[in-house]
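The values are calculated or read from the model by the stated rules, or taken from the named source; none is laboratory data. Keep in mind that what you see is a predicted model, and the values were worked out from it rather than measured. Heads up, the Cβs are rebuilt from the backbone with ideal geometry, glycines too, and the neighbour counts pull from every protein chain shown. To get the accessible areas, we keep the full protein, side chains included, count just its heavy atoms, and leave off ligands, DNA and RNA. Shrake-Rupley method; radii C 1.70, N 1.55, O 1.52, S 1.80 Å.
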Amino acid sequence: MADIVILGSGGFGLSLAVSAYNTGNHSVTVWSKFQQEIDDIRAHGEHRQKLPNVKIPEDIRLTSDISCIKGCDMLIFSVPSGFVRSVAGLAKPYADDNMVVVNSGKGIEEESLKLLSEVITEELGTDKLVVLSGPSHAEEVARGIPTTIAAASYNKNAAKYVQEQLGSHNLRIYLNDDVKGCELGGALKNIIALCCGICDGMGGGDNTKAALMTRGIHEIAKLGTAAGAKIVTFSGLTGIGDLIVTCTSVHSRNARAGRLIGQGMSPEEAVRQVGTVEGYACCNAAYKLAQKLGVEMPITEQLNKVLFHGGNAQEAITVLMNRPMIYEHEELHL
Ligand SMILES: NC(=O)c1ccc[n+]([C@@H]2O[C@H](COP(=O)([O-])OP(=O)(O)OC[C@H]3O[C@@H](n4cnc5c(N)ncnc54)[C@H](O)[C@@H]3O)[C@@H](O)[C@H]2O)c1
């Protein structure tokens with residue numbers, strides 16, 4: 001039995017809590033910064049906005065007291081990327097070296113361009129950091145729909161611990177040692193999901209979306225390998241796997257925000273309406289990172305124009321379609 005604490009009572013934090021609880025083996029606590037959110041979940045037995053129609057068992061402890069993490073075996077971060085550093089700061093006084101620390105958030109810290117695992121490691125000083133990523137919509141994880149993800153870590157024992165404790169007949173967890181690749185794949189696919197949503201919103205075709213996904217994973221892999229990730233990771237669960245689910249699922253908030261933008265809504269308003277749209281901030285961060293590493297990312301560059309510089313989506317497609325004709329895998333033919 002493990003004592004598991006999840007930081008963040010949004011859709012994904014709660015789905016991991018239910019999944020861990022349903023193994024029948026663990027004591028599970030979910031922390032929120034907001035007492036009102038906790039009270040609301042308890043009053044209605046579910047999170048009506050973030051994870052509707054999923055009952056949160058009474059035995060899962062809900063609290064806004066961060067000292068709940070004291071002495072736990074596994075500490076899981078499940079907050080949007082913009083809040084990871086501040087939540088890690090709150091957790092720090094109660095964290096210890098024995099805890100396995102898991103990041104399930106997907107993004108890049110906008111100011112520093114650091115991965116979330118780097119932010120958490122910096123704040124907590126842990127050597128037991130594990131990244132949990134892959135195609136895993138909260139709505140399905142919480143309902144026990146068969147799901148596969150990866151637990152990536154430089155510390156094999158820590159990754160194995162996560163695999164053993166959180167894995168179940170519904171949640172199959174593979175080990176991976178490419179932390180950078182897993183994290184970048186999970187963060188960057190949201191950019192492509194926004195693009196696919198925009199394409200749908202404009203009444204675009206399936207060919208165009210397939211092109212965005214395929215050329216999307218290509219440029220994600222280019223940035224990833226330039227940052228030190230392994231190319232094979234991008235053909236796995238945290239790369240193409242997560243990209244497929246995010247670009248095609250009704251559950252994707254990035255695709256939903258994209259559809260609104262494609263229908264003519266301003267990006268700011270679309271993000272305000274949909275809520276957590278990780279691809280928005282990530283597009284800005286990824287574009288900066290690409291410039292820093294000297295990597296060409298045409299799709300990310302065009303989305304950046306649409307989101308932050310008043311660019312027009314139709315013009316963005318025209319620009320992408322009129323780039324010089326090149327080899328598909330140009331790095332093999334230079
Ligand atoms: N929802 C999914 O299907 C899913 C799947 C895999 C990974 N993720 C990732 O998990 C992370 C969390 O996503 P989510 O879907 O649970 O988000 P969410 O929008 O459902 O929930 C966000 C939660 O973050 C917390 N929060 C909000 N503002 C905060 C603040 N200032 N300080 C501390 N906490 C705050 C609140 O508890 C809120 O409920 C994201 O990075 C997301 O990409 C989500």
**Message:** Restricting to the stretch 75-107, and then to whatever is under 24 Å from Tyr280 (Cβ atoms) and of a type in the set (D, E, K, R), can you tell me which residue is most open to solvent (accessible area, probe 1.4 Å)?
**Reply:** Arg85
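Residues are listed down the side, and each one gets a yes or a no for (1) touching a residue at least 40 places away in the same chain (Cβ under 8 Å); (2) open to solvent by 40 Å² or more (accessible area, probe 1.4 Å):
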{"site": "Ile120", "(1), (2)": "yes, no"}
{"site": "Pro135", "(1), (2)": "yes, no"}
{"site": "Thr148", "(1), (2)": "yes, yes"}
{"site": "Ala152", "(1), (2)": "yes, no"}
{"site": "Ala159", "(1), (2)": "no, no"}
**Asked** Scanning the stretch 245-265 for residues that are under 13 Å from the mean Cα position of the chain (by Cα) and open to solvent by 20 Å² or more (accessible area, probe 1.4 Å), which turns out nearest to Cys199 (Cα to Cα)?
**Response** Arg253
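Let's see how each residue does on (1) free of Cβ contacts under 8 Å to residues at least 12 places away in the same chain; (2) away from the ligand (no atom under 12 Å from the Cβ); (3) charged (D, E, K, R); (4) not assigned by TED's automatic domain parsing to the domain that holds Leu129:
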site: Val28; (1), (2), (3), (4): no, yes, no, no
site: Glu37; (1), (2), (3), (4): no, no, yes, no
site: His47; (1), (2), (3), (4): no, no, no, no
site: Asn53; (1), (2), (3), (4): yes, yes, no, no
site: Glu58; (1), (2), (3), (4): yes, yes, yes, no
site: Ile69; (1), (2), (3), (4): no, yes, no, no
site: Val79; (1), (2), (3), (4): no, no, no, no
site: Ala88; (1), (2), (3), (4): no, no, no, no
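Based on what the data block shows, is Asn304 closer than 23 Å to Gly107 by Cα and open to solvent by less than 20 Å² (accessible area, probe 1.4 Å)? Can you show your working first?
On the way: closer than 23 Å to Gly107 by Cα: yes; open to solvent by less than 20 Å² (accessible area, probe 1.4 Å): yes.
Spelling it out, Asn304 is indeed closer than 23 Å to Gly107 by Cα and open to solvent by less than 20 Å² (accessible area, probe 1.4 Å).
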**Asked** Only one of (1) more than 9 Å from the ligand (Cβ to nearest atom); (2) under 23 Å from Glu118 (Cα atoms) fails for Thr63. Which number is that?
**Response** (2)
**Prompt:** Where in the stretch 215-334 are there helices (runs of 4 or more DSSP H), lying wholly inside it, with at least 1 residues that are in the same structural domain as Val84 (by TED's automatic domain parsing), among the hydrophobic types (A, V, I, L, M, F, W, C) and under 30 Å from Arg143 (Cβ atoms)?
**Reply:** none
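How many residues, within the stretch 17-69, are open to solvent by 70 Å² or more (accessible area, probe 1.4 Å) and not in a loop (DSSP other than H, G, I, E, B)? Outline the logic, then answer.
So in the stretch 17-69, the residues open to solvent by 70 Å² or more (accessible area, probe 1.4 Å) come out as 22, 25, 33-36, 39, 42-44, 48-50, 53, 55, 58-59, 61, 65.
Okay, now just the ones that are also not in a loop (DSSP other than H, G, I, E, B), so 22, 35-36, 39, 42-44, 61.
Of the residues in the stretch 17-69, 8 are open to solvent by 70 Å² or more (accessible area, probe 1.4 Å) and not in a loop (DSSP other than H, G, I, E, B).
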